[in-house]
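Colleague: Next up is a structure, given as structure tokens.
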Amino acid sequence: MRKASREMDAAFALDVFDKAPYITVSFVREDGSPYGVPLSLVRTDAKTFYFHCATEGEKVDCLRSYPEVSLSAVSRCKPTVGPRDQSFTLQYKSAMAKGIAVIVTDEREKVEALRAISQRYLPHHMAAFDEAIKRSLDRTMVVRITLEVPPTGKRKEYAKDGHELKWGETE
């Protein structure tokens, strides 16, 4: 990281992943070319994420040939003018991680992952969850991503007095 003063710890990065409306997952195609797509992921612990998809398609093809993926997310991005130097810049909170993605085959884990995804994105509709599972479980794939190392975070934020917040500083 070029500006180490903006680096944040794993707890910060996990918070960014939790608050981001989506997380971009980057895959590697069989020919070695990149494929990145924003997905609705849920985190169930400090190193486990899940997403769901169709049982066939480019993501599935990528996973079958190369299971290593990277995750990136931004939970805040605000264009601004630097308070001290009037530079055009962004205030942001971002996170990155690397992991191994595997297709979930255990039905119990698959249902619990779908429950966690639904709880994150549709918490007010959980009464319909069991019926939805009965209708669509057969045609839904669930993928678990296990992080290989703790994620990293980065931020650029200004305090009210105009100075850029550094590691450990809060507003």
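The values are calculated or read from the model by the stated rules, or taken from the named source; none is laboratory data. Because the structure is a prediction, the values reported are computed rather than measured. Cβ coordinates were reconstructed from backbone atoms using ideal geometry, including for glycine residues, and neighbour counts include every protein chain displayed.
Colleague: Return the residues of the stretch 100-128 that are among the aliphatic types (A, V, I, L, M) and within 22 Å of Glu56 (Cβ to Cβ); say none if nothing qualifies.
Modeller: Result: Ile100, Ala101, Val102, Ile103, Val104, Val111, Ala113, Leu114, Ile117.
Colleague: Now, a different point. So which of Thr146, Thr152, Thr140 ends up being at pLDDT 95 or above and either of a type in the set (D, E, K, R) or under 15 Å from the mean Cα position of the chain (by Cα) (or both)?
Modeller: Thr146
Colleague: Going through Phe51, Phe17, Phe12, Phe88 one at a time, which residue ends up being in contact with a strand residue (DSSP E or B) (Cβ under 7 Å, 6 or more places away or on another chain) and loosely packed, with under 12 Cβ neighbours inside 10 Å?
Modeller: Phe88
Colleague: Can you name every residue in the stretch 60-77 that is modelled with pLDDT of 75 or more and in a strand (DSSP E or B)?
Modeller: Glu68, Val69, Ser70, Leu71, Ser72, Ala73, Val74, Ser75, Arg76
Colleague: Residues being part of a loop (DSSP other than H, G, I, E, B) and surrounded by fewer than 15 Cβ atoms within 10 Å (Cβ to Cβ): count how many of those fall in the stretch 100-139.
Modeller: Total satisfying the criteria: 3.
Colleague: What is the residue count in the stretch 26-48 for residues that are surrounded by fewer than 14 Cβ atoms within 10 Å (Cβ to Cβ), of a type in the set (A, V, I, L, M, F, W, C) and touching a Cys at 6+ places or on another chain (Cβ under 9 Å)?
Modeller: The number of residues fulfilling the criteria is 0.
Colleague: Just to check your reading of the model, which residue among Pro79, Pro151 is buried (at least 18 other Cβ atoms within 10 Å of the Cβ), at negative phi and in contact with a Leu (Cβ under 9 Å, 6 or more places away or on another chain)?
Modeller: Step by step, each of Pro79, Pro151 is checked, and only Pro151 is buried (at least 18 other Cβ atoms within 10 Å of the Cβ), at negative phi and in contact with a Leu (Cβ under 9 Å, 6 or more places away or on another chain).
Colleague: Still on this model: Could you list, in sequence order, all residues of the stretch 60-75 that are more than 15 Å from Arg43 (Cα to Cα), surrounded by fewer than 18 Cβ atoms within 10 Å (Cβ to Cβ) and of a type outside the set (Asp, Glu)?
Modeller: Of everything in the stretch 60-75, those that are more than 15 Å from Arg43 (Cα to Cα), surrounded by fewer than 18 Cβ atoms within 10 Å (Cβ to Cβ) and of a type outside the set (Asp, Glu) turn out to be Val60, Arg64, Ser65, Tyr66, Pro67.
Colleague: Any residue that is under 19 Å from Val143 (Cα atoms), touching a residue at least 60 places away in the same chain (Cβ under 8 Å) and of a type outside the set (S, T, N, Q) - is there at least one of those in the stretch 72-95?
Modeller: The answer is no; no qualifying residue exists.
Matching residues to (1) over 14 Å from Leu114 (Cα atoms); (2) assigned to a strand (DSSP E or B); (3) out of contact with any helix residue (DSSP H, G or I) (no Cβ under 9 Å at 6 or more places or on another chain); (4) at pLDDT 95 or above:
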position: Phe12; (1), (2), (3), (4): yes, no, yes, no
position: Asp15; (1), (2), (3), (4): yes, no, yes, no
position: Asp18; (1), (2), (3), (4): yes, no, no, yes
position: Ser26; (1), (2), (3), (4): yes, yes, yes, yes
position: Gly36; (1), (2), (3), (4): yes, yes, yes, yes
position: Thr44; (1), (2), (3), (4): no, yes, no, yes
position: Tyr50; (1), (2), (3), (4): no, yes, no, yes
position: Glu56; (1), (2), (3), (4): yes, no, yes, no
